[in-house]
Amino acid sequence: MARRHTRVGLTLLESAPNLWLRALAENNLLALAIISCDIETGLKHARAGLQAAEMSGAATVRRALIGNLGHLYSLQGSWEDARIQFRETTSGHQATVEAEHGALESLARLYLLEDQLDEARECLDAIDTTQRSETDAAYYVNRHSKLTRAILYIQERKFDDALQQADVVRALANRSGDDILRSLADLTRAEALALQGREAEFGALIDELRPTIARLPIDLLGHYERVIGSALAGRDHGAGASHFARAARTFEALRHRPGQIQLQRASIAAGFELRQWQPIAQLDPIQASHGARVVQDILTMLLHVGRPELLATDVVDVLAATTCVARATAIARHDDGRVESIAAHAMPISASAVSTLPSRTYQLGRAGNRSVEVTCEPLHNVEAIATVNAVASLLEVVRDLDAARTEREERLGL
């Protein structure tokens, strides 16, 4: 929506030119390109924005554009070019404390990627020494610098300090309504728990992330897979390799150099070699058949958009096929109070033999005078939780497709 509104604004500027507004709009589009890890588009908007800012004399917007250009260079691994841009944001007589802190935090991130921990700490200490109150700490750059310190603690293997710092960051994110920072704090906390081998706490935290996964920026999905891979590597080699492979595909396709470096470090720490989490050339026939069935079941879910009673049976079948739940049921609640069973699954073991998480219910929509829902009890292990999260995210996609189709049909009817 933000991208669409900004593009509409740029279109309006064609008939009523304003270089300052154009520079501002291009910086907005540049920031959105960074979030979506679209380096080529970001560079295009950076060039256009800087040209407009320099022609209009918009020094503040120019500084913001330079800083964002530095982030683009960081994404593609051009560390020295990034450093030049970050340092330039603090040059000139109009440089602000916020600009200086932004440059220091960005430089600290680069130092962490280069494993220069002392230099990163110096940058973060310089930011902290100027903060006088909780209000100062809540400013955008300052609260993100606290997340960077949590990452520093992880690289120093000070995991308890990292957990405490992540809690501080999460509180600041909640106060400021910064959803992305909250997700980053949770992933950082999860990584610290994984590296300490605290599987039960890690699983509970990953389960809490379930409602937000489908809305995470694309690069955070890569980090999510990396963190789960780290948690599983010591006890389930195959599952850990699968999660590392998904992260590798994500970062490679995005050309996301920081993500690739963090993944490489995590995989080495877990005892994996690069070739171990590349696509497998040949699977065991039984594994291949099982994987093919799940893919076909997922396709059926997508084809059943708008038919919740059919979707419900698909969901139960996928949950059963992936052995991630102890029990799953699909029911339809009639408006007159009757409850109709649609599908059910239970593992062929006694309830006392497995540990499960509390049940959760997914509302799939209405079919006539019935509301359809699926309830399941996930197994209490990391891979099962990750699988249930994937199914829940898939249902979010199905809902979006259903909403888009309904909107398209309504427009056609006008």
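Quick note: the coordinates plus some simple rules give every number you see, no bench work behind them. On a predicted model such as this, the values are computed, not experimentally measured, just so you know. We place every Cβ from the backbone using ideal geometry, glycine too, and count neighbours over all the protein chains shown.
Taking residue 107, is it touching a residue at least 40 places away in the same chain (Cβ under 8 Å) and on the phi < 0 side of the Ramachandran plot?
On the way: touching a residue at least 40 places away in the same chain (Cβ under 8 Å): no; on the phi < 0 side of the Ramachandran plot: yes.
For residue 107, the condition - touching a residue at least 40 places away in the same chain (Cβ under 8 Å) and on the phi < 0 side of the Ramachandran plot - is not met.
Applying the selection to the range 204-225, what residues are more than 17 Å from residue 150 (Cα to Cα) and buried (at least 24 other Cβ atoms within 10 Å of the Cβ)?
206, 222
Quick check on this structure: which one of 126, 190, 99 is at negative phi and within 24 Å of the chain's Cα centre (by Cα)?
Details: 126 fails: within 24 Å of the chain's Cα centre (by Cα); 99 fails: within 24 Å of the chain's Cα centre (by Cα).
Checking each option against the conditions leaves just 190.
Answer with yes or no whether residue 130 is in a loop (DSSP other than H, G, I, E, B), in contact with a His (Cβ under 8 Å, 6 or more places away or on another chain) and touching a residue at least 12 places away in the same chain (Cβ under 8 Å).
Numbers: in a loop (DSSP other than H, G, I, E, B): yes; in contact with a His (Cβ under 8 Å, 6 or more places away or on another chain): yes; touching a residue at least 12 places away in the same chain (Cβ under 8 Å): yes.
Spelling it out, residue 130 is indeed in a loop (DSSP other than H, G, I, E, B), in contact with a His (Cβ under 8 Å, 6 or more places away or on another chain) and touching a residue at least 12 places away in the same chain (Cβ under 8 Å).
Does the range 45-63 contain any residue that is surrounded by 22 or more Cβ atoms within 10 Å (Cβ to Cβ), touching a His at 6+ places or on another chain (Cβ under 8 Å), part of a helix (DSSP H, G or I) and not polar (S, T, N, Q)?
No - not one qualifying residue is present in the range 45-63.
So how many residues does the range 1-32 have that are more than 18 Å from residue 63 (Cα to Cα) and either outside any helix (DSSP H, G or I) or in contact (Cβ under 8 Å) with a residue 40 or more places away in the chain (or both)? Spell out the reasoning first.
To start, the set of residues in the range 1-32 that are more than 18 Å from residue 63 (Cα to Cα) comprises 1-18.
Then drop every residue that is not either outside any helix (DSSP H, G or I) or in contact (Cβ under 8 Å) with a residue 40 or more places away in the chain (or both), which leaves 1, 16-18.
Of the residues in that region, 4 qualify.
Quick check: anything in the range 140-157 over 20 Å from residue 111 (Cβ atoms) and crowded, with 16+ Cβ neighbours inside 10 Å? Don't jump to the end; show me each part of the working.
Here is the first cut: in the range 140-157, the residues over 20 Å from residue 111 (Cβ atoms) are 140.
Of the ones still in play, those that are also crowded, with 16+ Cβ neighbours inside 10 Å are none.
Looking through the range 140-157, none of the residues is over 20 Å from residue 111 (Cβ atoms) and crowded, with 16+ Cβ neighbours inside 10 Å.
How many residues are acidic (Asp, Glu) and within 12 Å of residue 168 (Cα to Cα) if we restrict to the range 121-151?
Start the filter on the range 121-151 by keeping residues that are acidic (Asp, Glu), which leaves 122, 125, 128, 134, 136.
With the extra rule that they be within 12 Å of residue 168 (Cα to Cα), the set shrinks to 134.
Qualifying residue count, the range 121-151: 1.
At least 1 residues that are hydrophobic (A, V, I, L, M, F, W, C), crowded, with 18+ Cβ neighbours inside 10 Å and under 28 Å from the mean Cα position of the chain (by Cα) in each: list the strands (runs of 3 or more DSSP E) lying fully within the range 288-393 that qualify. Even if it seems obvious, please write down each step before you answer.
Values: elements: 325-334, 339-346, 360-367, 370-378.
Per the criteria, 325-334, 360-367, 370-378.
Select from the range 229-253 the residues that are under 21 Å from residue 114 (Cβ atoms) and surrounded by fewer than 19 Cβ atoms within 10 Å (Cβ to Cβ) and list them in ascending order.
Result: 252, single match.
Which count do you get for residues in the range 132-148 that are over 16 Å from residue 167 (Cβ atoms) and among the hydrophobic types (A, V, I, L, M, F, W, C)?
Within the range 132-148, residues that are over 16 Å from residue 167 (Cβ atoms) and among the hydrophobic types (A, V, I, L, M, F, W, C) number 1.
With the checklist (1) over 30 Å from the mean Cα position of the chain (by Cα); (2) under 30 Å from residue 221 (Cβ atoms) in hand, flag the one item residue 16 doesn't pass.
Among (1) over 30 Å from the mean Cα position of the chain (by Cα); (2) under 30 Å from residue 221 (Cβ atoms), the lone unmet condition for residue 16 is (2).
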